[in-house]
Structure formats: C-alpha cells, structure tokens
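Derivation of every value follows stated rules applied to the coordinates shown; laboratory data play no part. This structure is a prediction, so every number in the text was calculated from the model and none was measured.
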C-alpha cells in the first residue's frame with residue numbers, strides 16, 4: 001500500500017499568507033473535506049481488500065485536489081460559499 005498519512009489543515013496552508021478573513025473562510029470550507037480525506041486514509045489502512053484500498057487511495061487523491069482547488073478559489077475571491085451547519 002502507498003504511504004498514506006493523515007493531514008491537517010495547516011499542512012495544506014503551509015507557505016500561504018492569508019488574511020484573518022481568508023483563513024476563517026478557508027477553515028470553514030476545507031474542514032469537512034480534510035475530515036473526509038482522512039477518513040479514507042483510515043479506511044485504507046484498515047482494509048485488507050486491494051480493490052477497496054485502491055478506491056480509498058483514489059478518494060484521498062481526489063480530496064487533496066478538491067482541498068487545493070478550494071483554497072485557490074478562496075484566495076482568488078472566486079468562491080461563493082454557503083454553509084449548512
């Protein structure tokens with residue numbers, strides 16, 4: 001299995017300068033994505049089925065892309081975010 005590790009939001013934001021408002025928006029937008037990404041890491045680590053492991057790894061990679069895209073959208077001011085809490 002690939003060397004999957006869980007990540008925290010700070011790892012995605014390393015080296016990016018954010019205003020307080022941008023940081024608040026990023027945190028609200030990506031927290032659920034990071035959680036779901038890390039759940040796939042846990043499921044991949046716990047699985048013995050190669051097919052399931054590959055599916056979880058693919059999901060992790062997709063979440064990584066979604067998280068990075070969402071951060072870029074927010075920094076570019078292109079994100080119309082609404083939240084249902």
message: Give me the percent relative contact order of the chain, please, defined on Cα pairs under 8 angstrom at least 6 residues apart.
response: 34 percent
- line: Expected max-MSF residue from 61, 36, 48 in the GNM of the chain (alpha carbon, under 10 Å) is 48
- request: Subtract the Cα-Cα distance of residue 73 and residue 19 from 0.36 nm times their separation in residues, and report this length gain in nm to one decimal.
  value: 18.0 nm
- prompt: Tell me, in nm to one decimal, what length is gained between residue 45 and residue 5 on full extension, where the rule is 0.36 nm per residue of separation less the Cα-Cα distance?
  reply: 13.5 nm
message: Between 0 and 90 degrees, rounded to the nearest ten: what's the tilt of helix 50-76 against the longest Cα principal axis of the chain?
response: 10 degrees
task: Just need the Rg to Rh number for the chain, please, alpha carbons only, Kirkwood Rh.
output: 1.03
